[in-house]
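Report on one structure; see the data block that follows.
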Amino acid sequence: MSQTIVKDQEILADTYLTETRAILRDNFLADNRPWVVAYSGGKDSTLVLQLVYEMLLSLTPEQQKPVHIISSDTRVEAPNIEEYLQNSLMQLEQHARTSSLDLSVHLVKPEIEDSFWSLIIGKGYPPPNRWFRWCTTKLKIRPVRKVIDEITSEHGSVILLIGTRKAESSNRSRQIENRQYNSRGLNQHTEIPNALVLQPIVHWTTDEVWEYLFTHNPAPWNFDHDRMLELYRQANSGECPVITDLDTPSCGGSRFGCWTCTVVKEDKSMKGFIETGDEWMEPLYDFRLWLRDLHGQEELRNQYRRNDQPGLGPFNSEARKMILEKLLKTEQEVGKQLISNKEILHIQDIWTNEFDIMHSALRIAYKYNRKPKEVIAA
């Protein structure tokens with residue numbers, strides 16, 4: 001690549017940064033709507049959060065208004081990702097408090113009746129797949145929507161900031177192009193009536209995202225990006241180069257999600273973690289494959305649906321017991337709690353109402369040294 005082309009691209013990147021900062025500041029000061037920043041811990045949402053936070057620190061006390069940071073914990077996040085996100089949010093909340101910012105952090109989780117294990121083991125839902133993807137709505141959308149609805153009920157409307165970019169995929173680019181935007185670059189959210197959406201890094205390339213995070217490290221809330229970079233490296237089986245020029249490919253394809261995800265054929269990120277030193281995650285990887293394969297085993301399913309109509313229904317009682325036992329065995333193998341005591345008790349309540357008078361869920365839990373009733377009572 002010639003020096004002229006490199007120089008032109010550097011100027012273009014600086015232009016995007018200047019424009020992004022101006023868009024953020026102008027929109028923030030344009031009205032009194034609270035801001036809601038969607039933060040997953042990934043590179044794009046981290047960049048949006050960092051740019052917003054840098055802007056907040058530059059404003060006077062009179063210019064401040066409520067800002068809410070919303071992150072989602074599905075209760076089945078990969079343990080290393082869950083730990084990283086919690087540490088980042090804790091540091092962010094502490095720094096915002098000492099900096100006198102009007103910033104609130106929300107780590108939302110699904111209600112117990114909508115949790116992954118309550119539905120799979122309790123009610124016998126088949127594992128999600130491409131044709132029956134019930135997990136996203138119940139584990140992520142509902143909990144996030146509940147918080148946003150509470151904010152809009154108090155303030156009338158909100159502006160939701162997300163880290164979507166055209167460069168992510170051709171499909172994402174088409175979706176962005178097809179939306180209707182107002183003069184401030186905002187579009188109406190398709191599912192939340194009183195929310196306008198701002199996409200401040202929509203034109204950024206993956207390389208530009210990484211370059212900014214590398215050169216502005218640590219984040220202004222005193223949380224460095226080194227751990228995030230290491231997670232991306234691991235998820236790509238160690239292939240995540242530090243960008244020194246624009247010819248170097250970056251690691252933009254890693255997707256972190258639920259360790260139980262049965263929608264994808266192969267969990268490449270977890271496989272990368274295992275191949276780069278996190279061998280302790282192998283039982284999780286094996287459990288996911290085992291759970292995915294249960295979907296097509298009709299002998300494990302009731303021959304009637306939950307509405308009592310004939311047809312392939314939920315997992316039968318023996319299958320649900322088998323999944324709980326396999327999960328608790330996997331839990332012992334990895335040495336990390338994979339299902340909460342409240343979920344086990346909720347599962348027992350469902351089983352008692354449907355088919356079980358022997359307290360089978362509790363008996364299985366005791367077998368693996370889990371004593372949910374005693375823990376809850378304490």
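Can you list the helices (runs of 4 or more DSSP H) found entirely within region 284-378 that contain at least 1 residues being in contact with an Asp or Glu (Cβ under 6 Å, 6 or more places away or on another chain)?
360-367
Within region 301-333, which residues are more than 22 Å from Tyr366 (Cβ to Cβ) and loosely packed, with under 14 Cβ neighbours inside 10 Å?
Once the filter is applied, which keeps residues that are more than 22 Å from Tyr366 (Cβ to Cβ) and loosely packed, with under 14 Cβ neighbours inside 10 Å, region 301-333 yields Gln303, Tyr304, Arg305, Arg306, Asn307, Asp308, Gln309, Pro310, Gly311, Leu312.
Residue check: is Ala377 at pLDDT below 95 and of a type in the set (A, V, I, L, M, F, W, C)?
Taking the combined requirement at face value, the residue satisfies it.
So, in region 222-236, how many residues would count as being over 23 Å from Gly257 (Cβ atoms) and either among the polar types (S, T, N, Q) or surrounded by 22 or more Cβ atoms within 10 Å (Cβ to Cβ) (or both)?
1
Only one of these conditions is not met by Trp290: (1) buried (at least 18 other Cβ atoms within 10 Å of the Cβ); (2) without any contact (Cβ under 8 Å) to a residue 40 or more places away in the chain; (3) under 24 Å from Leu324 (Cβ atoms); (4) more than 18 Å from the chain's Cα centre (by Cα). Which number is it?
(1) is the only condition that Trp290 fails.
Residue by residue through region 12-65, note down the ones that are out of contact with any helix residue (DSSP H, G or I) (no Cβ under 9 Å at 6 or more places or on another chain), within 21 Å of Ser104 (Cβ to Cβ) and free of Cβ contacts under 8 Å to residues at least 40 places away in the same chain.
Asp31, Thr60, Pro61, Glu62 - these are the residues of region 12-65 that are out of contact with any helix residue (DSSP H, G or I) (no Cβ under 9 Å at 6 or more places or on another chain), within 21 Å of Ser104 (Cβ to Cβ) and free of Cβ contacts under 8 Å to residues at least 40 places away in the same chain.
Would you confirm whether any residue within region 81-98 is farther than 20 Å from Ile162 by Cα, in contact with a helix residue (DSSP H, G or I) (Cβ under 9 Å, 6 or more places away or on another chain), free of Cβ contacts under 8 Å to residues at least 60 places away in the same chain and loosely packed, with under 15 Cβ neighbours inside 10 Å?
no
The values are calculated or read from the model by the stated rules, or taken from the named source; none is laboratory data. For clarity, every value in this text was computed on a predicted model and none was experimentally measured. All Cβ positions, glycine included, derive from the backbone under ideal geometry; neighbour counts span all protein chains shown.
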